[in-house]
1. State, to one decimal in nm, how far the label point of Trp272 lies from the label point of Ala26, with both points 7 Å from Cα in the Cβ direction.
2. Select from Gly199, Gly186, Gly260 the residue whose mean-square fluctuation is largest in a Gaussian network model of the chain (Cα-Cα springs shorter than 10 Å).
3. If we restrict to alpha carbons, what Rg and Dmax does the range 44-128 come to, in Å?
4. Calculate the tail of P(r) for the range 139-291: the fraction of all Cα-Cα distances greater than 23 Å, expressed in %.
5. Measuring from centroid to centroid over Cα atoms, what is the spacing of the range 97-122 and the range 252-291 in Å?
6. Evaluate E = 1/(1 + (r/R0)^6) for Ala223 and Gln112, where r is the Cβ-Cβ distance and R0 equals 41 Å; express this FRET efficiency to the nearest 0.05.
7. Neighbour counts of other C-beta atoms within 10 Å: give me Phe3, Phe14 arranged from fewest to most.
8. What's log10 of I(q)/I(0) for the range 5-223 at q = 0.10, 0.12, 0.13, 0.14 Å⁻¹, Debye sum over Cα points only, no solvent?
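Derivation of every value follows stated rules applied to the coordinates shown; laboratory data play no part. Please read all numbers here as calculations on a predicted model, not as lab measurements. Please note: Cβ atoms are built from the backbone with ideal geometry, for glycine as well, and neighbour counts cover all protein chains shown.
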Amino acid sequence: MTFIGTLPALVTPFKNDAIDEDALRAIVERCIEGGVDGLVPCGTTGESVTLSEDEHAQVVRIVVEQANKRVPVVAGAGTVSTRHTIHLAELCQKAGADGLLLVCPYYNRPTQEGLEAHFRAIAKACSLPSILYNIPIRTGVDMTVETLAKLSDVKSIVGIKEATGNVLRSQQILAACGDRFTVLSGDDTLTLPILSVGGKGVISVSANLLPKETSEVVRLWNAGKIAEARALHLRLSPVHESMFVEANPGPVKAAMAKRGLLAPEIRLPLVWPKSASMDKTFGALDRAGLA
């Protein structure tokens, strides 16, 4: 199975520090109605590191049930531990996920050989197709193109969420690996540049708030409407940037709360964004005509 197009990295709504199932189902429905091509629960944007195992499985189950096979569900399962990642992968598979998102182990900073062994062990233990997730600013380790190329013989590894912020990396991956891996942007601001060199979509923060507009950029590009895709991407770019005025997912959650899509809750150690920060986000939305 391949995963392409626009896939929101779903927020996890809380109410009184518990999973808000009604809000989560409504967010999933709104995203699907907005034209997204898949859903990614329990990633960074979903505050996965603050979820218990039971909550992790609960979120995936709710998203799978609400999606009801209309779009694929790629569940986050990556942790600092290979053994724990395999356990979470099994929970996600049991909950009905169609695929896995596997971030490079963070904090313990494995070598390239360690990264390769980690992902091979997970693939051996779990048959679900997987998208690897490389985001050195959060993990402290950068998976090289050479390491990814070595993993090209693992059939269940089907894609890479490219979030290094290095504009050359996507084309280096594609040059080295060809069509072996689907390259997805891990940064909304780089979606169009990555599409231009052969990428197939984006795992998006902004799509939680703006599913229709974010999805339309990829649809326009795939339809050959390059000028229209470029115009919309440039219109949205300041909004994408404003989603990171404080640590993700604070700003996108605050913008969603303002629209009544979820309660204003985030889990420690993150705190609710300052009003001065959110003025920048709301201002960007206003200037884009999306307030």
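1. Inter-label distance under the simple model: 1.7 nm.
2. Among Gly199, Gly186, Gly260, the largest mean-square fluctuation in the Gaussian network model of the chain belongs to Gly260.
3. So, for the range 44-128, Rg and Dmax equal 12.8, 39 Å respectively.
4. 44 percent
5. A separation of 32 Å, based on Cα centres.
6. Efficiency, from the Cβ-Cβ distance: 0.60.
7. Phe14, Phe3
8. Values returned for q = 0.10, 0.12, 0.13, 0.14 Å⁻¹ are -0.39, -0.57, -0.68, -0.80.
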